[in-house]
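Shown next, in structure tokens, is the structure this report addresses.
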Amino acid sequence: SRFMLSPANPDRIEGQVRSLTTIGTPHQGSVIADLLDHPDDFIPFPHLPFGSVANLLEAALNKLGISLDCLRDLTSKYCQEVFNPTYTNAPGVYYCSVAGSGRTTFPPTAMPFLLFHQYITARTGETNDGMVTTTSARWGSFDANTWPVAHGEEIGYNLDNLLIPPSFPYLAKYDQLLANIAGLV
């Protein structure tokens, strides 16, 4: 969305967009994307002769038709050194962001993200939604009242049980975001 609005994009959207709100977006990059791009960093004993985990991971994902190239666009280095400086904000567009900070109960995130949540917390010491730190989710005006949910719950997915909607009132939160934006633009 930021790319589509940026003056650096020759095919950008102009005139009609007055605000952009992002929810749980890794604007400063993702520690998880960093890990997936360089999985050897996760190995506690890289000098042992087990071969390259990076090559195994990428080969396995390629066999499934999944490329790591899009994840490389979410690495901390790429976001901070390439994307953010290149694709600047469009004048006249109000940018705001919201972040999830993980659940206040156990488990702190959806089970599929639990190891990611623990890794992010250990690596950064920051609150996170299981995929994105609250610091990385900040762009433009930031709502400091983080949402106490897992990454998927921010957009209505209960990854612990796909048959049951999340208990978090995400639609009511969307209504609040719209009301706040309507008052500003």
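The values are calculated or read from the model by the stated rules, or taken from the named source; none is laboratory data. Just so it is clear, the structure is predicted and the values come from calculations on it, not from any experiment. Cβ coordinates were reconstructed from backbone atoms using ideal geometry, including for glycine residues, and neighbour counts include every protein chain displayed. When the accessible area is computed, the model is the full protein with side chains, heavy atoms only, and any ligands, DNA or RNA have been set aside. Shrake-Rupley method; radii C 1.70, N 1.55, O 1.52, S 1.80 Å.
A few points about this structure:
- Residue in segment 137-144 that is among the small types (G, A, S) and in contact (Cβ under 8 Å) with a residue 60 or more places away in the chain present: yes
- Candidate set: segment 112-141, residues that are of a type in the set (S, T, N, Q) and not in a loop (DSSP other than H, G, I, E, B); chosen: the one nearest to Q28 (Cα to Cα): T133
- Members of segment 120-144 that are surrounded by fewer than 20 Cβ atoms within 10 Å (Cβ to Cβ) and out of contact with any Phe, Trp or Tyr (no Cβ under 8 Å at 6 or more places or on another chain): T121, A122, R123, T124, G125, E126, T127, T135, R138, F142, D143, A144
- The residues in segment 145-162 that are surrounded by fewer than 16 Cβ atoms within 10 Å (Cβ to Cβ) and within 10 Å of A99 (Cβ to Cβ) can be counted, and the count is 1.
- Qualifying residue in segment 163-178 (condition: under 22 Å from V132 (Cα atoms), among the β-branched types (V, I, T) and open to solvent by 50 Å² or more (accessible area, probe 1.4 Å)): no
- Here T109 meets each of (1) open to solvent by 20 Å² or more (accessible area, probe 1.4 Å); (2) in a loop (DSSP other than H, G, I, E, B); (3) in contact with a helix residue (DSSP H, G or I) (Cβ under 6 Å, 6 or more places away or on another chain) with one exception, condition (1).
- Of the residues making up segment 58-91, those that are surrounded by 12 or more Cβ atoms within 10 Å (Cβ to Cβ) and of a type in the set (G, A, S) are S76, A90.
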